[in-house]
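Peer 1: First the structure, then my questions, so here it is.
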Amino acid sequence: MIVCRALVYLRRSRAGDGGGLDTQRGACVAFCAGRGWDVAGEYVDDGVSGVREARPGLDALRAAVRSGGGGLVVVVFRLDRLARSVRQAVVLLDEFRAAGCEFASATEGLDTSGAVGRALFAIVAALAELEREGIRERIVAGQARAVAAGVRVGRPVRLGAGEVARALDLRASGRTWREVARMLCAPSRTVRRAVARETARASGS
């Protein structure tokens, strides 16, 4: 892809720390000029920790990437200005890649518009897929544990009068609350609350 417009992202953790932003800006502008890229936008987070995933400047940058069309590249002073963890970097770089946007670091030799950079993006895409697969596996495992414990997975369960009557019959036959809940395919707490509510209603009528 031919890059012609750069979106510069600047960040420092503490506002008022000397000329940190000016140093970043100067390096990024010079980097873009050396490659013939026009700076189309500057996004700044001043006094914002890089640990935070939601930042005003970063959020605006991501929106610009999504709506900017082709020929874009995100330029930072260093990668740690954009992300402070591998996971965070993988998520953001994969988001840029999916939008057809390149990425470059002015001081670290990272530039995805070249052959080596394209290889980096391929690695990032693979890592992102591993992360998504890991999330899916954790969700499935969590649901399996919940089902094994007798917890209904899905939308909240609402028990009607018929289910409450059956729950009372099962309790009268000596079943535990957990056994009753399993037979009704509902969480034990939900069953007990429904029974208590119907009992209170019946006693008050």
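The values are calculated or read from the model by the stated rules, or taken from the named source; none is laboratory data. Quick caveat, the model's predicted, so the values are computed rather than measured. Methodologically, a virtual Cβ is constructed for each residue, glycine included, from the backbone with ideal geometry; neighbour enumeration extends over all protein chains shown. Areas reflect the complete protein model, heavy atoms only, side chains present, ligands, DNA and RNA absent. Shrake-Rupley method; radii C 1.70, N 1.55, O 1.52, S 1.80 Å.
Peer 1: Any residue in region 64-84 that's assigned to a helix (DSSP H, G or I): show its pairings with residues that are of a type in the set (A, V, I, L, M) at Cβ separation under 6 Å, as long as the two are six or more apart or on different chains.
Peer 2: Matching pairs, first to second residue: A64/L7; V65/A99; R66/A99; L82/V76.
Peer 1: Conditions: (1) open to solvent by less than 70 Å² (accessible area, probe 1.4 Å); (2) at positive phi; (3) modelled with pLDDT of 70 or more. G150 meets all but one. Number of the miss?
Peer 2: Every condition holds for G150 apart from (3).
Peer 1: Right, something else. Tell me the residue from S113, S49 that is in a loop (DSSP other than H, G, I, E, B), of a type in the set (G, A, S) and in contact with a strand residue (DSSP E or B) (Cβ under 7 Å, 6 or more places away or on another chain), please.
Peer 2: Details: S49 fails: in contact with a strand residue (DSSP E or B) (Cβ under 7 Å, 6 or more places away or on another chain).
S113 is the lone residue from the list that is in a loop (DSSP other than H, G, I, E, B), of a type in the set (G, A, S) and in contact with a strand residue (DSSP E or B) (Cβ under 7 Å, 6 or more places away or on another chain).
Peer 1: Here's something else I'd like to know. Hey, among L61, L92, which residue is more than 11 Å from L7 (Cα to Cα) and either of a type in the set (S, T, N, Q) or surrounded by 17 or more Cβ atoms within 10 Å (Cβ to Cβ) (or both)?
Peer 2: L92
Peer 1: Let me ask you something else. Using the structure shown, decide if R132 is at pLDDT 70 or above, open to solvent by 60 Å² or more (accessible area, probe 1.4 Å) and in a helix (DSSP H, G or I).
Peer 2: Here the answer is no, as R132 does not meet what is asked.
Peer 1: Also, quick follow-up: Looking at E42 and the list (1) touching a residue at least 12 places away in the same chain (Cβ under 8 Å); (2) farther than 21 Å from R97 by Cα, which single condition is not satisfied?
Peer 2: Of (1) touching a residue at least 12 places away in the same chain (Cβ under 8 Å); (2) farther than 21 Å from R97 by Cα, only one is false for E42: (2).
Peer 1: Something else: Filter region 65-87 for residues that are surrounded by fewer than 18 Cβ atoms within 10 Å (Cβ to Cβ) and closer than 22 Å to A30 by Cβ; which is farthest from the chain's Cα centre (by Cα)?
Peer 2: Here the answer is G71.
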